[in-house]
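Written below as C-alpha cells is the structure these notes are about.
The values are calculated or read from the model by the stated rules, or taken from the named source; none is laboratory data. Just so we're clear, the structure is a prediction, and the values are computed from it rather than from any experiment. Every residue, glycine as well, gets a Cβ built from its backbone with ideal geometry; the counts of neighbours run over all protein chains shown.
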Amino acid sequence: MSQVGRQGHASPAKGAHVRVALVGVTVVGRQHAAHLADALGGRVVEGSSARVAVADAWPLADALVLCMATGAAIRLIAPHLADKGVDPAVVAIDDGARFAVALTGGHHGANDLARRVAVALGAQPVVTTASDVLGLPALDHLGAAFGLRLDPDLADTAAVGAALIAGNPVQLVRDRPWPVGPLPATVTTDPTDGPLIMVSDRLVDPRRPAVVYRPPSLVVGVGASRGAPAAEIGALVNEALRRGGLSPHSVHHLATVEAKAREPGLRDVAEARGWPLVSHLPSVLAAIEVPNPSPIVTAAVGTPSVAEAAALAEGGELLVPKRTLPGTNPATATVAVARRPVRGRLALISTGPGDAELIPSLAREALTAADLVVGLDQYVNRVRAFLHPGTTVLASPIGEEVARADQAVAAARAGRSVALVSGGDVGVYGMASPALERAGADVDVVVVPGITAATAAAALLGSPLGHDHCAISLSDLLTPWSVIRRRVQAAAEGDFVVSLYNPRSRDRHWQLGEALATLAEHRPPNTPVGVVTDAFRPSQRVTMATVAAFDAATVGMLSIVLVGNTQTRVIGGRMVTPRGYR
Ligand code: SAH
C-alpha cells in the first residue's frame, strides 16, 4: 500500500500514521496482538470496544491485524471499506493462532502480512486471491519492480485478471521493450481481440477491457527565469505533455541546470507532482547536441540550451522540442520532453552454498520478477522453484562464463529483466565481475549478496574467521601461479587466516601442497586446517587436520580449505580464531 494513499486519510488530530495496527478482543487475542506488535513493529490499538478500536485505527494504518473470528472481523471493517486502493490491508487471526487469513487488500499487503504473521505465530497463512494461488502476476503491481505504474484511468483489472485466471488469450502491447517481468503463456504479442495489457507513455484510447501501465520513461527539461511562478511552469509542462500526446504518469523526473535547482516555482511544481528535480552542470548540458540552441541562454547560464539539453541528459529521443507558454512575453519558462532509452534490469543473484534455506529472500524476490534466468545448470536448477510461469531459462555448462555474461547483459540491454545466478556469493569468484565489466550505465543492475563458501564452511567448522582473514583462489587458469604464490606468501607473513578456494581440480594437484608448505613456514605445526567439501549439500564432509599433518587427498574440486593463523585453536572439537577478548 502506498504511503501517500494512506497519508491522505490520516487525521493528525487523531494520532500519527501507523504501519500495522493490532486489535484483540479476548485475553488470548490481546496477547497475540501484543506479541505481533513486537514481532512486526506495529501498535496495539485499544478502545472502549473492538468496534471503536477498529474505527480509530482504520484511517491511520497501512494494515490491520484483527485477533478475532473472521466473521467478527468482517462485521467490524464492513462500514469502513471504501476502495482497495486506499483501504488498509486486513488480516484476521483466530484465538488459537492457527490461521492468519488475508481478508481484504491481498495485493496491497494483506497476503504478505498474513505470511509474516503466520511465521511469527507458527500459524498457517490463508491466501485466497486467485492470482497468488495460481502464481499469476497481480495486475495492481505488474512490473512495479521496474517502475511501471498502473494508470488509474485505464485499469480494468477485474476483467483482465478474470481472463488471465480463465486462461483466455490476453494481448500484450508495448511501444518499446520496457521490462514487465514474467507473464503467463496465455499472454501473447500476436494480435487477438481479447483483453489488453498495454505498456505505453503515450495518451492512448485502447479497446476495453485493458490495463495500461506507465513506464518511467519521460524526462521533462525545464528552464525558468528568476521568480517564474509555479502556476506558469506547471501549465507549460501540462501543455507540452499534451502536445506530445504523452502521459504525465510516465514522467520520471524534471531536469534543469544547476543554477535553477533552487528556483522556488520549479521546486513547487516538482513537489506537487511528486517528481524528483534533477540538476545538471552547465558544462554537461553544453556538451549535449540540441535542435534549438540559443546564444542568449549561453550568456545567462553558460549552456546554449537548458530545457532540451536537460531533457536529453540521459540520452534518448527528443519528443517535444523547446516550448514556451503561449501568451507569455517575455517567456518565464521553457519546457522540452525526451524519452529515456529503455532500461533493462540485470539482477546478479547469489544462491549460497547449496541449501535452499540459505538462498536470500532478496534473491527469491528478484527471481520472481525476472523474465529470463541465466546461469550454470546446477545453480539454475537450485532456483527453479522460485520462478514464475513465463520465465525463460538459459542454463549452460561450466566453462561458458563469458558467454553467460554476454547473454545476460545483451538481454538486459534489450529491455528484459534478467537474473544471472551464481553459487555462493555472486561477487566472490562469481559472475558479478564479468557481467559488470560488460554492463554500461544503460543497464540497471541489482546485486543480491549471499553466503560464500568461506563463511558457509566457517560455520560448519566453528569460528575460524573470527579475526583478520583473506581468500585466495588456487586456480591458475586465469591468474599466473607467480601471482598466486606472492599472495600466499604475503598472507603467511601477515598472519591472516586463509580460505583457499578452488584448492584442487582434476589436473591441478601440486598447488595446494605448495600453498600449505608456505603457510606452515609461518605457523606452529599444530595450527588447525579445516577442509569442507560440499558445504550445506547432502554430500557435505567436514574434516580437520593441522598444517604439519595435512593430507591433500582429503581435498577435492568442491572443497574449500581454511588455514588458521598463529592464534587459531581447536576448542571442544571446533576451530576457533580468538578475537583477543580476555
Ligand atoms: N561464488 C562462489 C565461489 C565459486 S569458486 C562462492 O562465493 O562460494 C568455486 C570454489 O568455491 C570451489 O572450488 C570451492 O573451493 C568453493 N565452493 C563453492 N561452493 C562450495 C561448497 N558448497 N562447499 C565447499 N566449497 C565450495
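Filter the stretch 197-207 down to residues that are surrounded by fewer than 22 Cβ atoms within 10 Å (Cβ to Cβ) and in contact with a Pro (Cβ under 8 Å, 6 or more places away or on another chain), then give me how many there are.
Total satisfying the criteria: 1.
Can we say R364 is in a loop (DSSP other than H, G, I, E, B) and either of a type in the set (K, R) or within 16 Å of the ligand (Cβ to nearest atom) (or both)?
no
Applying the selection to the stretch 336-356, what residues are aliphatic (A, V, I, L, M), surrounded by fewer than 24 Cβ atoms within 10 Å (Cβ to Cβ) and within 16 Å of the ligand (Cβ to nearest atom)?
Scanning the stretch 336-356 gives a single hit, A356.
Give the stretch 551-561 a look and list any residue that's near the ligand (Cβ under 10 Å from one of its atoms) and not polar (S, T, N, Q), or say none.
V555, G556, M557, L558, I560, V561
Grab the strands (runs of 3 or more DSSP E) fully contained in the stretch 489-550, keeping just those with 1 or more residues being more than 15 Å from the ligand (Cβ to nearest atom) and free of Cβ contacts under 8 Å to residues at least 24 places away in the same chain.
Hits in the stretch 489-550: 541-546.
Tell me, which helices (runs of 4 or more DSSP H) lie completely within the stretch 38-140 with 1 or more residues that are modelled with pLDDT under 95 and within 30 Å of the chain's Cα centre (by Cα)?
The helices (runs of 4 or more DSSP H) meeting that bar are 110-121, 130-134.
Output the number of the condition that G161 fails; it satisfies all remaining conditions of (1) over 26 Å from L22 (Cα atoms); (2) in contact with a strand residue (DSSP E or B) (Cβ under 8 Å, 6 or more places away or on another chain); (3) buried (at least 16 other Cβ atoms within 10 Å of the Cβ).
If we test G161 against (1) over 26 Å from L22 (Cα atoms); (2) in contact with a strand residue (DSSP E or B) (Cβ under 8 Å, 6 or more places away or on another chain); (3) buried (at least 16 other Cβ atoms within 10 Å of the Cβ), just (2) comes out false.
Out of the residues in the stretch 367-378 that are assigned to a helix (DSSP H, G or I) and touching a helix residue (DSSP H, G or I) at 6+ places or on another chain (Cβ under 8 Å), which is surrounded by the most Cβ atoms within 10 Å (Cβ to Cβ)?
Selected residue: L367.
Any chance the stretch 475-482 includes a residue that's over 33 Å from the mean Cα position of the chain (by Cα) and of a type in the set (V, I, T)?
Yes, some residue in the stretch 475-482 is over 33 Å from the mean Cα position of the chain (by Cα) and of a type in the set (V, I, T).
Between a first residue in the stretch 390-411 that is in contact (Cβ under 8 Å) with a residue 60 or more places away in the chain and a second residue that is loosely packed, with under 12 Cβ neighbours inside 10 Å, which pairs have beta carbons less than 7 Å apart while being 6 or more apart in sequence or on different chains?
As it stands, the answer is G390/A185, since those pairs meet every condition given.
Among the residues of the stretch 153-178, write down those that are of a type in the set (V, I, T), in a strand (DSSP E or B) and under 17 Å from P389 (Cα atoms).
Within the stretch 153-178, V170 is the sole residue that qualifies.
Out of the residues in the stretch 389-435 meeting the condition of being part of a helix (DSSP H, G or I) and within 15 Å of the ligand (Cβ to nearest atom), tell me which one is surrounded by the most Cβ atoms within 10 Å (Cβ to Cβ).
Only one residue tops the list, namely A435.
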